[in-house]
1. Suppose we filter the range 167-201 for residues that are assigned to a helix (DSSP H, G or I) and either small (Gly, Ala, Ser) or assigned by TED's automatic domain parsing to the domain that holds Arg29 (or both); how many remain?
2. If I ask for residues that are over 25 Å from Pro16 (Cα atoms) and part of a helix (DSSP H, G or I), which ones from the range 135-166 would you list?
3. State all residues of the range 264-285 that are within 18 Å of Ala185 (Cα to Cα) and surrounded by fewer than 17 Cβ atoms within 10 Å (Cβ to Cβ); if no residue qualifies, say none.
4. Counting just the residues of the range 106-144 that are more than 16 Å from Arg29 (Cα to Cα), more than 26 Å from the chain's Cα centre (by Cα) and among the hydroxyl-bearing types (Ser, Thr, Tyr), which one comes out surrounded by the fewest Cβ atoms within 10 Å (Cβ to Cβ)?
5. Within the range 299-322, how many residues are without any contact (Cβ under 8 Å) to a residue 12 or more places away in the chain and closer than 18 Å to Phe261 by Cβ?
6. Among (1) of a type outside the set (A, V, I, L, M); (2) without any contact (Cβ under 8 Å) to a residue 60 or more places away in the chain; (3) part of a helix (DSSP H, G or I); (4) over 23 Å from Leu186 (Cβ atoms), there is one condition Thr288 misses while meeting the rest; what is its number?
7. Given (1) of a type outside the set (D, E, K, R); (2) farther than 24 Å from Glu184 by Cβ; (3) in contact with a Lys or Arg (Cβ under 8 Å, 6 or more places away or on another chain); (4) modelled with pLDDT of 85 or more, identify the lone condition not met by Gly348.
Amino acid sequence: MTAAQLIARIQKGAAPPAVLLLGPEAYQRRRIKDALTGRYAADAQAQHDLMEVSLAEILDDARALSLFASERLIWVVNAEAALPRGKAAAEDDTAGEAAGDSGPLEAYMRDPTPGVTLVFEAIRFDFEGDDKRRQERVRKFYAAIPDVVELRRFSSHEARHEAEALARAAGVRLDAEALDLLVEALGGDVARIAVEMEKLALYAGSKPLNVDDIAALAPDARATNIFALVNALGRRDRTRAIEMLDTLAKEGEYLPLALAFLSTQFRMALVAREAGLKNAGQVQSHFTRMGVPMWGSRAEQVLQTVGKFSKPQLERAMKLIFDADKALRDARPDDRTVMERFILQLVG
C-alpha cells in the first residue's frame, strides 16, 4: 500500500485497525499522521514508545474501552524495539525466530477493537544495503498486520515533481533553475523541501524567486554557492567563478568540498563526451542507468560543461583538480590562493 492509498482510505472514514509504516521517508509519514490526527479528538489520541513499554501493554490499551471516545488513535514509535533480542536478533535468524514474540499481536488482529486504529512506526531501517535484512525481520514480526505502507525515499524525479506541487500549493513562484537548485541543495529530502517552501512563501509573497534568492534563503546556502561556482566554471565564466570563490571564502566554506564538487562535474562531463551524449535527456538517462541519480538541471550543467571544454581540456581539468587537491593537503596551505590559482589555470 502506498501513502496516498492509505490517506484516501482515511479520508473516506475507513482507517484500518492497524497499520505498519515501514521505512525512513519522513514527508509521507507526516502526511499520514496529519490525516489521522485530524480525524480524532485530542483526548482520543495516545502515543507509546516500544523502548519504554511492552507490546502487550500497548495491546491492553487498545482493548480498553473509553468512556469518552468511541474512536481512538494509538501511535506507536520505535516499533523495531518489540523484536526479540539475543539469538533471534542474530543475522542468520529464521522466520520463526523473528516472529517469536508476535503472538499477542496475532491474537489482537483476529479480533481488533472496533473504532481503534493502531499505527506502528518502524523507521530505523532502509530498503537497501545492510538494512534490508533487518527490515525483513521487522516485516515478519508484524506479519499479522495486513496494511503495510512502505515509506521509500523519493527518487530525484519524484522529489522534483513533489517540490513543484508544494510550490504551487504554497503559492511560491520559482523559476525552473531555482527549483532544481533547492531540490538538489536539500538532497531531494521532501520533508525538508516542504519546510523550506513554507518559509519561502512567507518571504516572497507574490514575488518570483530565482537562484540568488535560494542561495540567500535556503539552509544549505553555502552548498548552493558551491553549485554556482561549479556552474560558472562549467560555462568558463572566470569573473563569476572568482566572485563565487570570494563568497565562499567569506562564509568560511571548506574549500576542499567545493573542489570535490568540481571533480564530480568534470568527471561526468568527460564521461558524457566519451559516450557521445548529445542532449540533456541522454545525459540524464546514461547516468541513471549507471546508478547515479541526476536532476534535469544537473544534466544540463554537465552538457554545458561538455560544450565549453574539449576532451583534452576536460582531461587537463582533471589533472588541475588533482594538483589543487594535493596543494590543499600541504602542511600550511592558503586554500583561497590554491583555489584561485586553479580557476585561473582552468579558464584563464
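The values are calculated or read from the model by the stated rules, or taken from the named source; none is laboratory data. All figures in this text were calculated on a predicted structure; none of them were measured in a lab. Every residue, glycine among them, receives a Cβ derived from its backbone with ideal geometry; neighbour counts consider all protein chains shown.
1. Summing the residues that are assigned to a helix (DSSP H, G or I) and either small (Gly, Ala, Ser) or assigned by TED's automatic domain parsing to the domain that holds Arg29 (or both) in the range 167-201 gives 9.
2. Matches in the range 135-166: Ser156, His157, Glu158, Ala159, Arg160, His161, Glu162, Ala163, Glu164, Ala165, Leu166.
3. Across the range 264-285, the qualifying residue is only Thr264.
4. The extreme case among them is Thr113.
5. 2
6. It fails just one condition, (4).
7. The failed condition is (4).
For (1) within 21 Å of the chain's Cα centre (by Cα); (2) more than 22 Å from Asp111 (Cβ to Cβ); (3) among the hydrophobic types (A, V, I, L, M, F, W, C), each residue gets a yes or a no:
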site	(1), (2), (3)
Ala14	no, no, yes
Ala26	yes, yes, yes
Tyr40	no, no, no
Ala46	no, no, yes
Asp61	no, no, no
